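Data block below; observations after.
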Amino acid sequence: MYDHRGPRQDHSRGMEWRGERGGRNPQDRSRSREPMIEPKRPFSLTVQSNMFAIKPSNATISQKVYMYDVQIQRAKRIVEKDEATGRFKLDSDGKIISSVENAGSAGFFSEGATTTTSSEEPRMRNRAGPLSRRILMKLKIMLENEEPPKLIFTDGTAKVYTPHPLATDLEHGQQNYSSGPTTQSSKPSIFYDVCVKRDCEEDFEDKDLVQNAWFKVQLTFAGDFDFTVADGASSWTTTSKLEEVAQCLNVAIRNSLLAASMMPFRSSPRMFYFRADANQDLIRRVLKNFNKEKTITPVLGVVQAARMTGAGELFLIADFGLGWAQREMLDGVNGQKVRVRVLDEKASTIAGIRVPSFRKRIPDNLRSTIESSLKKMSFHIEFECGDKWAERKRAEGMDDEKIRRGRKKVRGTRFLWTRRHDRVDEAPIVWNPAQYTFEISGRDGAGYTTTHTVLSYFDQVYDVQLKYPEMPLVQTRGKEYFPIEMLFQGVGEAHGCNSDFKKEKALAFNDEFSASRRVSKLKDILSEPNLEKSQNQALASFQLKLHREPLQMQATVLEPPVLSFGSAERAVVKNGSWNLWNQQRRKTSEFNVPVQLLSFAVLDMSKDEISGKIIEDLLRVLQKHGVQIPDVGADSLKSMIANVTVRCFAANKQQIWVAFKNSIARARQHFFTESNVSFAYSRTIAFFKEHGLQECLVIPHVTAHSSNLFVIPPAKVARWCYEVQCPADTTLFAPARRMYKCKVRNLREMVTLDPFDLKLENGIFKGLVEKAWLELEVVEPIYHVLIRERTSTELFDEIFALGEDQVVNPVPCYSLASKDVECPSLMFAVIPTKDVSTYAFVKYLSHVEFGIPSQVMVEESYQNQRSKTEAYCAGIALKLNTKLSNSLNRSTAWSIYSGTARQWLMDTPTMIMGYCVASGPGQDSKSIVVGTASLDVGGTHCCHDKRVQSKSHIVDSDVLEEITESLAMQFFLYNNVSPQRILVYRSGVQDGLLQDVVEYEIGAIRQAFYRLNMSDPAWSCENCKGNTLRGCVLCCPSVTFVVSQGQHDIRIVPLDGVQMNRSNNVPSGTCVTDSRAISMSSLNAVEMNSQSGMSQPESTVENTMDFLLVPQGGLKGTSRPVYYRCLLNETKLTRSLLKNLTYQFSFQYGTATKSVRNVPVLQYGVRLANTILSYLGNVPMDESKHVLHETFLPSRDENGVPDRNWVPFRPHISA
């Protein structure tokens, strides 16, 4: 048990703190205390979380909860008139008699809701939104005001909950019973007529000027469940209702947030934001000096969710974050509030985009930017009618009070109409207002029409003269256009808040409230008066109450693996990180297995043309780490860099494309032609059809632009690569191989070496003699010539060693297609600044167009670290050593010298596989599925494969089969053995999809191995015969399937007053297995399919494999753990072994000297998936399989069968 002492208390003085150097209260020990000395790992640690217990208010309660499905239909109010007098009919109370009828259009949460295409109204969605929330919250208030009061809980979605029935079966107003099967229409229903503001919230300042809208809400009884607590221990009558219980409580919690006047910005929000008055108290320091951003303000958001744990207890998980909202009002003169205009005259901007003049039309080059900015905004429409309008209304008999109130016209919250149309009069923005005209028919059936422009319409109808008639018109609803000068910014989420200023504010906010300070702040937020009151009322309805002290748990801090560099040098790991500097030897650590940089090209986009200096510094640092770089021979390093460098401007993509292509050509010219090669041959790698990826020596030639290259392959591929004339008969040619006769320095004897055993290093020849590289004094080329002679009885071969002067006309005879020979190995691209678009385009050219690994370096970053040049270059060297690794060099910067992970992987051939899904925005988008497999025992070498599918969070079975088959094939080619067991990590699965993952994805992985086995004609599995699902435990590798959930809201922090490190976060390797932190849903998520042979004992609190792990050593903010959930365990892993394996795998991310948050097979996969997603754009689905260049991915034939010999040149594309 890790013991600690609380913060020291100073009772010597009771005086108030008035400020000291650094601006920090000296009694605040949380920042100023030195970190405590960490005990030897593993050790136990008490931690706290952001989980707050929800307890029953009574020792024994029995509560029934009723569920109702919601349908909302648009309606209209029909007012009755007296036919004789023409006046409205009045009831006994003097109120107008009216009724509400359906308007006949599809509504919310009903069939046809997603197919509404009427241009007269916004698309009705089959999900929550601002309007559905307003309707149902208004219904809630109506029911609470009835006699007797009725209580419902809603968050605007398609289901409401209530602790009391809204009506008995006999009391339901309109019912339709059927003796047949129960259907939606045969269940009891009750209808309500609800009136809300159509386009604004009910607390909008000018709500009286916004049009009302009527809706008919149908609540249909959907079932009930019992919520029972006995003797203080929570239990539920039926476990099948667990999801309903959790959903009910979450709806009630979100309802309490809405009731506390908090703002949700999205249709399905996770976070609810405080309004301006509450933000002033809660984030005052962030708001301070925020006048720089006039139209945007920071807002504090809260996330809350109920969770049932494996221990049978109920908790509230709460967190907070900083968001950005549009300002609706600004402080004006004399303390008055003024609305924020979309067209800002003082700043000369439209939607934040600066324009040259409001008197002229918007230039073409600004239109797409302004339209994109308007799509992200919500706005109000407001204008005031002129005197002529008032005189006309007065002449029509309207009294002065109505004229005064009607003079100001307001339209509530609107958005840019984003439907795509080809016709100009239906475009979302009309840039030339004079181009748009429309007709208005005369009133009372008059037989005339008037053609208007928007300018003439507002002038004649409302007596409003536009100040800027050349400014565009904005469509806010079907064929409803308004001048942009009438648009005012509304309350809503501010998009595109990625400025350095906002990032700085957000980072400072999260750093100020990090670790234990975050939990303390969270307690303050939960005690906000409005929030606390509404939350208590919601929970009290279910006889529950919230305990506002965070949950404390016991955690274990796991032991890290022992890492080693070259020469058996051990890494010093501190809180999950280490560096490449050997403190004892005072020198740079050599990589464990350094890579060979065989060739390179340079794309220079720097402002000061310093790419040569950057590359020169980098190459020297690479040599310090043991990386072999191309030898310059007689030329200088600067000269070689200059020969392969092409300059261009970063602002022009066409120039970048041309320069990229030319740089490749210059590299091939330099490394493959006679005039530039310093040694007899240029070493590189190539693909040989029968032997896969192999090293080769390119024979120099006059030009580098030929379609074929003559090479010397390794002797195991082809020994004879030249043809020479036979000494005995010059009319015949004999096969030969070029060799070298060498004298080793300080030794007398001569040795004969194959050209692959020679290298030129710093101008000195070295040879591989008895597994050691020795300096050579004399290097003379000779030829081993195969002479085939025939005697009267037999045919025999004899090899002769002939000097170069003895050989007549040697001709190279072994050639490869130019595309199968790699050069350059890497493209260095130097860009001037951290420009995202330039970086992305370079990566696109690298990954898609040319298939060459690239390393982008930023001139600005290099200049800012001139005093730390070696550190900057060391970070890049680390990335290069991973990018250029392949099945030949098997390079690693470090390796796991000892640890649980290494031992387990060495026991049996094991493939660690991870896959993830990345999807673009919109329902019609695509999903990218990327699979990554670890090839070596250390878990450092990885390979990838990808597929594109229709958008879905579940991977299509055929897609997953193909990816698994490809990864297994690459594992076999790398290790020459098939995997006997598989550890699978699946990223990004929500709780509600766990059962689908088990049903579809685990079976697909087994099916892939079944198909691989079926390629052997002699193979068969009796157990799989007759089963629909193929692949069982008898014929396929055993599988352990783990889901990695990183997007959740659980935090683990030290106790108040305990500082484990300078960041005050829990140390790297903190692991929690407390049953109160394990979700109940994971214990009942898996039901194995008996046909496939998968079996798993029923998961309970005692035998569950789930755990929370913080592998990273957080430096800023609050570390978020990863929630690992084991759905299948056939490899018989224990929880202890699984959590240690997972933690130690996080040390094998080859491009960072720290343990990363996700295991590398997921970290690499997620990065690659998002990269490919950015490349897709508008690529059709049938062409999307060609997004990545074939250099990086395994090859398949036209039938999708993987090539059993093809190994990617550089499989580590995502490094």
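The values are calculated or read from the model by the stated rules, or taken from the named source; none is laboratory data. The structure presented is a predicted model; accordingly, all values stated were derived computationally and were not measured. Here the Cβ is made from the backbone with ideal geometry for all residues, glycine too, and neighbour counts use every protein chain on show.
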Residue pairs qualifying under the 8 Å Cβ cut-off, at least six apart or on distinct chains, with the first in segment 827-856 being farther than 20 Å from His1189 by Cβ and the second being acidic (Asp, Glu), are Val830/Asp604; Val830/Glu859; Ile831/Glu859; Pro832/Glu859; Pro832/Glu860; Thr833/Glu859; Thr833/Glu860; Lys834/Glu860
Would you confirm, using the coordinates I've provided, whether Arg1120 is part of a loop (DSSP other than H, G, I, E, B), within 22 Å of Lys879 (Cα to Cα) and modelled with pLDDT of 90 or more?
no
Flagged pairs (Cβ under 7 angstrom, 6 or more apart or on separate chains; first in segment 979-1002, over 25 Å from Thr309 (Cα atoms) and acidic (Asp, Glu); second modelled with pLDDT under 85 and assigned to a loop (DSSP other than H, G, I, E, B)) are none
Note: among Leu507, Leu544, Leu522, Leu473, just one is under 35 Å from the mean Cα position of the chain (by Cα) and either surrounded by 21 or more Cβ atoms within 10 Å (Cβ to Cβ) or closer than 28 Å to Pro130 by Cβ (or both), namely Leu522
### Message
When you check Ser368 against the structure, is it among the small types (Gly, Ala, Ser), under 53 Å from the mean Cα position of the chain (by Cα) and surrounded by fewer than 14 Cβ atoms within 10 Å (Cβ to Cβ), yes or no?
### Response
yes
Query raised in the report: Out of all the residues in segment 387-408, is one or more of a type outside the set (A, V, I, L, M, F, W, C), closer than 23 Å to Asn432 by Cα and either touching a Lys or Arg at 6+ places or on another chain (Cβ under 8 Å) or surrounded by fewer than 16 Cβ atoms within 10 Å (Cβ to Cβ) (or both)?
Result: no
Exactly one of Leu747, Leu774 is out of contact with any Leu (no Cβ under 7 Å at 6 or more places or on another chain) and surrounded by 16 or more Cβ atoms within 10 Å (Cβ to Cβ), and that residue is Leu774
Within segment 354-365, of all residues that are surrounded by fewer than 16 Cβ atoms within 10 Å (Cβ to Cβ) and without any contact (Cβ under 8 Å) to a residue 40 or more places away in the chain, the one farthest from Ala434 (Cα to Cα) is Arg354
Pairs returned, first residue in segment 1043-1070 that is at positive phi and in a loop (DSSP other than H, G, I, E, B), second residue that is buried (at least 24 other Cβ atoms within 10 Å of the Cβ) and modelled with pLDDT under 90, beta-carbon separation under 6 angstrom, 6 or more apart or interchain, are Asn1064/Ala515
Expected single match for among the charged types (D, E, K, R), modelled with pLDDT under 85 and either over 23 Å from Lys467 (Cα atoms) or in the same structural domain as Val430 (by TED's automatic domain parsing) (or both) among Glu382, Glu345, Glu313, Glu371 is Glu313
> Has segment 469-480 got at least one residue that is part of a loop (DSSP other than H, G, I, E, B), modelled with pLDDT of 90 or more, assigned by TED's automatic domain parsing to the domain that holds Ser348 and in contact with a strand residue (DSSP E or B) (Cβ under 7 Å, 6 or more places away or on another chain)?
Replying inline: yes
Considering only helices (runs of 4 or more DSSP H) wholly within segment 800-917, the ones with at least 2 residues that are more than 24 Å from the chain's Cα centre (by Cα) are 859-864, 869-883, 900-907
In segment 1126-1139, anything on the phi < 0 side of the Ramachandran plot and surrounded by fewer than 24 Cβ atoms within 10 Å (Cβ to Cβ) is listed as Cys1126, Leu1128, Asn1129, Glu1130, Thr1131, Leu1133, Thr1134, Arg1135, Ser1136, Leu1137, Leu1138
Of Ala351, Ala395, the only residue that is more than 16 Å from Pro483 (Cβ to Cβ) and without any contact (Cβ under 8 Å) to a residue 60 or more places away in the chain is Ala395
Here the residues within segment 986-1018 that are of a type in the set (A, V, I, L, M, F, W, C) and at pLDDT 85 or above are Val989, Leu993, Leu994, Val997, Val998, Ile1002, Ala1004, Ile1005, Ala1008, Phe1009, Leu1012
For segment 1122-1134, pairs from a residue that is of a type in the set (A, V, I, L, M, F, W, C) to a residue that is assigned to a loop (DSSP other than H, G, I, E, B), with Cβ under 6 Å and 6 or more apart or across chains, are Val1122/Gly1046; Cys1126/Met1105; Leu1127/Val1086; Leu1128/Gln1096
Consider Lys40 carefully, then state whether it is loosely packed, with under 11 Cβ neighbours inside 10 Å and either modelled with pLDDT of 75 or more or hydroxyl-bearing (Ser, Thr, Tyr) (or both). yes
Screening Val929, Val937, Val948 for residues that are at pLDDT 90 or above, crowded, with 17+ Cβ neighbours inside 10 Å and not acidic (Asp, Glu) leaves only Val929
Filtering segment 242-262 down to residues that are farther than 14 Å from Asp991 by Cβ and of a type in the set (A, V, I, L, M) yields Leu249, Val251, Ala252, Ile253, Leu257, Leu258, Ala259, Ala260, Met262
